[in-house]
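Engineer: Quick one: the structure is below, questions incoming.
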Amino acid sequence: MNYNGPVIVIEDDADDQEILEEVFIKLDYKNEIIFFSDGEEALKYLNRSDISPFLILSDINMPRLDGFALRNKIKTDAALQVKCIPYLFFSTASTQKAVIEAYSLSVQGFFLKQESMSELEKTISVIMEYWKRCVAPNSF
């Protein structure tokens, strides 16, 4: 896991992207935040051999390649598996069916988008601090 690598945010809503960018700036994490509006764009980026992201925050409902399909492609791609990139859903789709499907794809977390800035900041802080403390197979 590349603790200093970029945080990949896959979110098709421009307002949500802007809000998340504000939160990351306020929390002062040094990781670069890279936004993609759909899963296909993100997959092309993730397949580059010269990058090693810290983690992925993905919405579920997106055009072209949704979050579930993207997670499945990453999970079944040997080259992407060895990068050990934590994949977390960050969505408003909070149905039991969506959560079950997410965990059946071995996501490392499912978080609901918070409506208040203070709650959103807490959630992002918890996510970042947790993963900054985790050890992955490629950490050695």
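Engineer: Between beta-carbons, use under 12 Å as the cut-off and find the net charge around residue 90, counting Lys and Arg +1, Asp and Glu -1.
Structural biologist: With Lys, Arg at +1 and Asp, Glu at -1, the neighbours total -3.
Engineer: Then there's this: Which whole number in µm²/s is D for the stretch 24-116 by Stokes-Einstein, with the Kirkwood Rh taken over Cα pairs at 25 °C and 0.890 mPa s?
Structural biologist: D = 176 µm²/s.
Engineer: Mind jotting down the distance between the C-alpha centroids of the stretch 1-74 and the stretch 84-140, whole Å?
Structural biologist: For the stretch 84-140 versus the stretch 1-74, the Cα centre distance is 12 Å.
Engineer: Right, something else. Tell me, what are the semi-axes, in whole angstrom and largest first, of the equivalent ellipsoid of the stretch 1-49 as set by the roots of 5 times the Cα gyration tensor eigenvalues?
Structural biologist: 19, 17, 5
Engineer: In Å, what Kirkwood hydrodynamic radius results for the stretch 72-134 from the alpha-carbon pair distances?
Structural biologist: 13.0 Å
Engineer: Amide H neighbours of residue 36 under 5 Å, counting only residues 5+ apart in sequence or on other chains, H built in-plane at 1.01 Å?
Structural biologist: Excluding prolines and chain starts, which carry no amide H, the hits are 9, 10, 11.
Engineer: If you place +1 on the Cβ of every Lys and Arg, -1 on the Cβ of every Asp and Glu, and leave all else neutral, what size is the dipole of the stretch 7-133 about its Cα centre, to the nearest 20 Debye?
Structural biologist: 760 debye
Engineer: Here is a follow-up. Quick one: net charge around residue 44, please, counting Lys, Arg +1 and Asp, Glu -1 for every other residue with C-beta under 12 Å from its C-beta.
Structural biologist: Every neighbour counted, the sum reads 0.
Engineer: Within the stretch 1-50, report the trypsin sites (Lys or Arg not before Pro) that DSSP leaves as loop and that have at most 10 other Cβ atoms within 10 Å.
Structural biologist: Sparse-neighbourhood loop trypsin sites (Lys or Arg not before Pro): 30, 48.
Just so you know, all these numbers are worked out from the coordinates, no wet-lab data involved. Computed from a predicted model, the values in this text were never measured in an experiment. Cβ sites come from the backbone with ideal geometry, for glycine too, and all protein chains shown count toward neighbours.
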